[in-house]
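The values are calculated or read from the model by the stated rules, or taken from the named source; none is laboratory data. Remember, it's a predicted structure, so these values are computed and weren't measured experimentally. Every residue, glycine as well, gets a Cβ built from its backbone with ideal geometry; the counts of neighbours run over all protein chains shown. Keep in mind that these areas ignore ligands, DNA and RNA; they rest on the heavy atoms of the full protein, side chains included. Shrake-Rupley method; radii C 1.70, N 1.55, O 1.52, S 1.80 Å.
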Amino acid sequence: SAGATANAEPAKAASSPAEPIPVDPAAAAEAQRVLDLVLSVGEECQTVEDLKNLLAKKPNFTCYDGFEPSGRMHIAQGLFKAINVNKLTSVGGTFVFWVADWFALMNDKMGGDLSKIQTVGRYLIEVWKAAGMDMDRVRFLWCADEITSKADTYWPKMLDIARCFDLDRIKKCCMIMARAENKLTGAQILYPLMQCTDIFFLRADVCQLGVDQRKVNMLARDYCGKVGIKLKPVILSHHMLFGLKEGQQKMSKSDADSAIFMEDTAEDVERKIRQAHCPREEAADAGADATPGEDAMHLVKDGLQNPCLDYVRYIVFGAPGATFPCAGKTYPDHGAVREAFLAGAITETELKDALIAAVNKLLQPVRDHFQNDASARELLAQVRRFTKDPVNPGLRRLDLLAAADKACVVCMPFVASHVTLGAVLSTARLLEAAPADCLPVLWVRDWSAIALNCFDGQAKFIAAANTVFLAALRALRPALMERTRVLFQSQAILQDPSNYWISAINVGRAYMLDELLALDSPPANQQAGYVVKVLMHAADMLALSPTSAVCHPSERALFDFAERHRAATAAALPPVRVETVEGVDARLRDSPTPGLVLDPDCEYTVLDSASADAGSKMKKAFCAVGDVEKNAPLRLAQDFLVHGASLTVKRKEENGGNATYTSADELRNDFASQALHPGDLKPAVVALVQDALSAIQTELKAKPEAKKAEGDLKTGIKQLAKKSKK
């Protein structure tokens with residue numbers, strides 16, 4: 001029909017190809033110029049496509065680099081960094097410098113005096129200003145202020161990163177400490193995790209650090225993939241200048257003659273460059289493997305490894321439009337200088353003469369600034385007066401409890417999914433073992449739980465599980481909980497986060513990684529979060545300063561380690577007497593699923609239904625005639641009897657008649673002698689379990705926060721179950 005034909009025409013038109021959007025040649029050329037200039041900063045970009053996307057969608061992007069104000073600034077950190085910063089800010093970037101004064105404090109630089117460290121930081125900023133860094137789009141954020149004021153954001157992010165990676169992955173980042181992997185301390189696992197945290201804490205779009213930092217920056221991209229962050233930070237890794245001496249893959253602050261420093265005199269510059277390595281031919285071992293820890297110091301192979309030519313390329317020609325007058329000729333780019341030198345058109349002496357003149361010309365504004373500007377001159381004088389010899393700053397720790405408290409610490413177990421009745425009863429048993437003259441302290445390790453990947457590191461569900469766990473304890477042992485002080489790790493740390501984390505890192509600095517791994521066994525000790533947990537535990541014990549501690553046998557090695565550390569580093573604190581107490585093994589039967597640590601079908605959970613689950617689970621419980629060892633119903637009954645309950649067995653007269661037990665020993669003896677049959681024991685224990693579950697439900701319903709936690713916990717468990725099926 002005519003109507004059908006009319007309706008068909010628009011459909012045909014809609015299916016035809018869209019007209020291409022005209023491309024503005026000028027805009028395209030400008031976009032390419034910006035991209036090329038940004039790429040000129042780095043020896044590598046991960047990835048160019050991500051960078052293109054960033055520049056198109058966020059022209060006012062944020063770059064970051066960090067530095068520790070611990071002393072001198074070499075020419076790469078000074079002039080080379082100023083050149084790169086100016087390139088990035090000239091095309092719309094904002095450059096954020098992360099002034100790592102807190103890390104310098106942690107490392108006891110400037111005698112552990114934060115005010116001196118910050119003075120050094122201000123001096124280094126002054127050097128950059130004098131070196132020509134355009135400060136209009138540059139921000140300096142001081143680590144000590146930012147981390148301390150936002151500790152509730154920074155440290156959970158670090159813990160979340162730790163939970164996502166195994167140790168093998170983190171070890172690959174440890175090149176940033178220039179250590180071979182078999183010589184790592186515990187702290188050297190923590191450092192990359194913290195540097196990775198910095199990237200997200202600062203909301204950096206571009207990580208503009210050296211190639212030596214590449215692996216830890218790539219860790220941030222890997223983390224994005226693991227947690228579903230779509231916009232990954234771009235890694236723009238700049239070249240590492242060769243040291244001036246033969247074979248030096250990079251400059252070293254500890255070797256004054258390995259580099260030109262920003263405060264060097266003209267005479268210093270001449271002396272260092274005159275004696276610098278300056279080969280025309282590649283060394284015979286140019287392709288050999290680098291020293292361990294330096295394997296990725298340079299991503300672009302340079303078999304010549306001539307530091308003088310390196311300075312020409314990256315310092316002299318780093319700034320756009322630079323030229324290099326040498327031997328009566330002006331060279332327009334570094335390639336021409338290199339070609340002429342290798343061909344013999346430029347002698348070594350001529351190259352060094354020209355380089356000395358060029359470097360001194362670049363450094364002279366810095367010298368003039370610190371000579372002519374009164375405030376800058378005084379700042380430099382202060383820095384020179386500071387002693388750089390480390391001074392023992394004394395014990396740094398979170399000071400949480402008074403010695404008069406005489407605390408006995410019990411650590412609440414980590415809850416990875418379900419809160420089990422056995423775990424609650426076991427924790428109560430540990431608290432009951434506290435000496436009579438001590439204050440029982442239940443330490444809730446909610447932040448360590450993030451590092452261990454409990455509930456996939458989701459703080460909401462970890463908090464819900466802990467709240468439900470505590471409600472169950474109050475329901476079953478009200479008098480015990482009345483005299484017990486409950487402390488949450490996260491809340492305690494936030495009282496003085498700086499000293500707490502310095503104490504944790506100091507633990508890591510004092511022990512080799514292998515010593516920490518020996519405290520547990522694979523696969524538990526192969527995760528980065530495990531190392532963090534160990535360091536935190538030692539810091540926890542320093543913070544709590546108890547006189548005693550009670551733990552499950554599985555954690556005895558951890559508590560003993562913390563006590564060894566206290567004895568070695570904090571002898572003024574009271575010694576800790578550690579006691580081991582067996583918990584209540586309430587597993588009703590072995591899980592049919594191999595390798596499953598916790599099977600809720602084989603163990604009571606505190607959210608089980610008193611009417612439905614108590615009986616159905618007990619029916620499947622292992623309870624062989626006369627077996628008093630592998631017998632969860634008997635163990636549960638004994639624990640209830642010890643705490644004042646009575647067990648009523650109902651049976652026919654010909655089977656012995658009804659019986660009431662109030663003694664755990666009597667119950668055990670009757671079962672061992674077969675005077676009590678499993679078929680009679682199980683129903684009696686069900687009644688006790690029902691009473692316990694009902695009491696827990698009453699407690700959960702009594703307080704809105706507990707009721708909400710119950711709902712959150714159920715949601716968290718469902719999410720874990722859904723994930724496990726994928």
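Assorted remarks:
- Karplus 3J(HN,Hα) series, Hz, for the range 271-278 with 6.51 cos²θ - 1.76 cosθ + 1.60 (x for Gly, Pro): 4, 5, 6, 4, 9, 5, 4, 8
- Ligands, DNA and RNA left out, the 1.4 Å accessible surface of the chain is 51% carbon and sulfur atoms.
- The order of the peptides 569-577, 43-51, 450-458 by mean Cβ neighbours within 10 Å, most packed first, is 450-458, 43-51, 569-577.
- Cα-projected label distance for SER611 with ALA675, points at 7 Å along beta-carbon direction, nm: 3.7 nm
- Pairs exceeding a 22 Å alpha-carbon distance, out of LYS329/LYS352; LYS230/LYS723; LYS157/LYS232; LYS272/LYS361; LYS172/LYS226; LYS58/LYS250: LYS58/LYS250.
- Solvent-accessible area per residue for the range 319-426 (1.4 angstrom probe, square angstrom): 50 Å²
- Using just its DSSP H runs of length 4 or more, each adding -39500 (n - 2.57), the chain gives a mean residue ellipticity at 222 nm of -15000 deg cm²/dmol after division by all residues.
- Charge dipole (the range 592-724, unit charges on Cβ, about Cα centre) - positive-most of PRO633, ALA706, ALA672: ALA706
- Fraction in percent of alpha-carbon pairs per bin - 5 Å, the range 377-493: 2, 10, 17, 17, 14, 10, 6, 4, 4, 5, 4, 3, 2, 0
- Principal-axis tilt of helix 459-476 within the chain, Cα atoms, nearest 10 degrees: 20 degrees
- Computed Rg/Rh of the range 243-383, alpha carbon atoms with Kirkwood Rh: 1.00
- Extension gain, ASP599-ALA721: 0.36 nm per intervening residue step, less the Cα-Cα distance, totals 42.8 nm.
- Listed residues MET73, LEU51, ALA29: farthest to the positive end of the dipole of the range 28-146 (Cβ charges): ALA29
- In degrees, nearest ten, helix 497-510 long axis to first principal axis of the chain (Cα): 80 degrees
- Here the Karplus curve 6.51 cos²θ - 1.76 cosθ + 1.60, taken at θ = phi - 60°, turns the phi angles of the range 215-225 into couplings of 5, 6, 5, 5, 4, 5, 5, 4, 4, 4, x Hz, with x standing for Gly and Pro.
- Farthest toward positive dipole pole in the chain [+1 Lys/Arg, -1 Asp/Glu at C-beta], among PHE386, GLY321, ALA687: ALA687
- Calculated over the chain, the projected area of the Cα convex hull averaged across directions stands at 47.7 nm².
- The alpha carbons of the range 532-687 give a radius of gyration and a Dmax of 20.8, 68 Å, in that order.
- Hits among lysines - C-alpha to C-alpha of LYS171 under 16 Å, sequence gap 8 or more where chains match: LYS183, LYS215
- Full extension of the chain between ALA624 and GLN275 gives 117.1 nm of extra length, using 0.36 nm per residue less the Cα-Cα distance.
- On Cα atoms only, tilt of 678-702 relative to the major axis of the chain in degrees: 50 degrees
- Sorted on the mean count of surrounding Cβ atoms within 10 Å across their residues, most packed first, peptides 634-642, 206-214, 320-328 read 206-214, 634-642, 320-328.
- Straight-distance crosslink candidates among lysines, where the alpha carbon sits under 18 Å from LYS707 and sequence neighbours closer than 8 are dropped: LYS460, LYS718
- Per-residue packing, averaged as other Cβ atoms within 10 Å, sorts the ranges 33-39, 236-242, 561-567, 533-539 into the order 533-539, 236-242, 561-567, 33-39, beginning with the highest.
- Under 15 Å from a label point set 7 Å out along the Cα-to-Cβ vector of VAL642, the amide N atoms of the range 416-451 belong to 422-435.
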